[in-house]
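The structure appears below as structure tokens.
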Amino acid sequence: MDLNGKYVVVTGASSGIGKALVKQLLKEGAFVLGISRSIENTMDITHARLWVKNMDLSLKESIDQLFDYARNCFGTIDLFVANAGYARYGGHETIDFKEMDTLLNLNTKGIMHTAKKMREVYGDKPYNFLVTLSAIAELPMPGYALYGASKAALDNYFSAVALEEKKTRHIYQRVYPVATRTDFFNRADAKYTPWPVQNADHVAKKIVKGIRKDKRKIYPSALYKWGKRLAPWFFKIYLRKQRKKFEAHKQSK
Ligand SMILES: NC(=O)c1ccc[n+]([C@@H]2O[C@H](COP(=O)([O-])OP(=O)(O)OC[C@H]3O[C@@H](n4cnc5c(N)ncnc54)[C@H](OP(=O)(O)O)[C@@H]3O)[C@@H](O)[C@H]2O)c1
């Protein structure tokens, strides 16, 4: 997709990967609507082609309202970037039912509902729908069972949706970042950041490159992408280390 003059919604745009992506999309000449719960109060980027709106996307009603709001701003959406999401670090036994609901509503169900709304509102019009997953969707990590499941469920969901829509002009794109330097780990209450770590600008540039080429799967880390295929044994050692860190974290509590 050539982004120049295109209408793009980015969720989770107030911080981290979403915010870095907003900057890149504006450079490409896109019109951008950025969404998060607090973006109207915190966003320090201003631009004639940028709109911002506070919305809690763990709520179905907000997602429905977002489509009305986007229609008023833009008239149409060419690319939807479903990026908002969060994790809560800790053993699976520490996560209660309410927390499961909140996390899955934002990370998983809300995004499924958003993709469905795109289909309902825009029918056969061509568009791209991009979702920020995580390397964890493919590589389960101790301490992130619920978060990993929320991303792995989407991974499976959108590979099925892409098959259902093979004959349409809708393109589903999935992004698999490794650990990225953002507020994410703070918000997750994680005491350490898993290696390797990238910065959000790098991830955003790789995402934009993938959008330009209509790539179905985008891997911002070449090390992860090729390591997974060429040296699967390495990940066994890696996970052993992550498990030790997780156990140390549990003992320190
Ligand atoms: N950082 C990493 O290591 C990493 C790695 C792989 C994948 N990811 C994924 O990348 C995406 C972006 O994460 P990030 O690293 O950029 O984290 P971040 O800096 O914490 O940003 C998260 C964004 O989501 C928004 N958000 C949170 N809850 C929301 C809600 N209920 N409704 C609307 N917006 C909400 C936040 O803004 P408000 O607080 O204002 O709502 C913020 O803009 C997430 O899906 C994350 O799972 C991150």
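Of note:
- Residues that are of a type in the set (Phe, Trp, Tyr), farther than 14 Å from Tyr89 by Cβ and within 8 Å of the ligand (Cβ to nearest atom), drawn from region 172-204: Tyr176
- Tabulated pairs, region 174-203, first more than 28 Å from Lys27 (Cα to Cα), second more than 10 Å from the ligand (Cβ to nearest atom) and outside any loop (DSSP other than H, G, I, E, B), C-beta under 7 angstrom, 6+ apart or interchain: Lys191/His249; Tyr192/Lys245; Pro194/Gln242
- Within region 108-136, the set of residues being part of a loop (DSSP other than H, G, I, E, B) and surrounded by 15 or more Cβ atoms within 10 Å (Cβ to Cβ) comprises Leu133, Ser134.
- Within region 167-207, the only residue that satisfies the criterion of being within 18 Å of Ala20 (Cβ to Cβ), among the hydrophobic types (A, V, I, L, M, F, W, C) and surrounded by fewer than 18 Cβ atoms within 10 Å (Cβ to Cβ) is Val197.
- Of all residue pairs spaced 6 or more apart or on separate chains, those with beta-carbon atoms under 9 Å, a first member in region 75-93 that is on the phi > 0 side of the Ramachandran plot and a second member that is assigned to a loop (DSSP other than H, G, I, E, B) and modelled with pLDDT under 95 are Gly90/Asp189; Gly90/Ala190; Gly90/Lys253.
- Residues that are assigned to a loop (DSSP other than H, G, I, E, B) and surrounded by 17 or more Cβ atoms within 10 Å (Cβ to Cβ) within region 139-162 comprise Leu139, Met141, Pro142, Gly143, Tyr144, listed in sequence order.
- Every test in (1) touching a helix residue (DSSP H, G or I) at 6+ places or on another chain (Cβ under 9 Å); (2) surrounded by fewer than 17 Cβ atoms within 10 Å (Cβ to Cβ); (3) more than 30 Å from Trp226 (Cβ to Cβ) is passed by Asp96 save one, and that test is (1).
- Counted residues, region 38-68 - those being of a type outside the set (Gly, Ala, Ser) and free of Cβ contacts under 8 Å to residues at least 12 places away in the same chain: 5
- Among the residues making up region 29-53, a single one is assigned to a loop (DSSP other than H, G, I, E, B), under 20 Å from the mean Cα position of the chain (by Cα) and more than 16 Å from the ligand (Cβ to nearest atom): Ala30.
- Hits in region 83-102 - residues which are of a type in the set (Ser, Thr, Tyr) and within 11 Å of the ligand (Cβ to nearest atom): Tyr86, Thr102
- Hits in region 1-18 - residues which are surrounded by 24 or more Cβ atoms within 10 Å (Cβ to Cβ) and more than 7 Å from the ligand (Cβ to nearest atom): Val8, Val9, Val10
- Qualifying positions in region 167-211 - more than 30 Å from Arg119 (Cα to Cα), of a type in the set (Gly, Ala, Ser) and either in a helix (DSSP H, G or I) or touching a helix residue (DSSP H, G or I) at 6+ places or on another chain (Cβ under 7 Å) (or both): Ala188
- Residue check for Asn105: surrounded by fewer than 20 Cβ atoms within 10 Å (Cβ to Cβ), within 16 Å of the ligand (Cβ to nearest atom), under 27 Å from Ala188 (Cα atoms) and of a type in the set (S, T, N, Q): yes
- Test: Arg169 is touching a residue at least 40 places away in the same chain (Cβ under 8 Å), within 12 Å of the ligand (Cβ to nearest atom) and charged (D, E, K, R): no
- Against the test of being of a type in the set (Gly, Ala, Ser), at pLDDT 95 or above and more than 17 Å from the chain's Cα centre (by Cα), the options Ala204, Ala248, Ala152, Ala160 yield a single qualifying residue, Ala160.
The values are calculated or read from the model by the stated rules, or taken from the named source; none is laboratory data. What you see is a predicted model, and the numbers here were worked out from it, not measured in a lab. Glycine also receives a Cβ, built like all others from the backbone with ideal geometry; neighbour counts cover every protein chain displayed.
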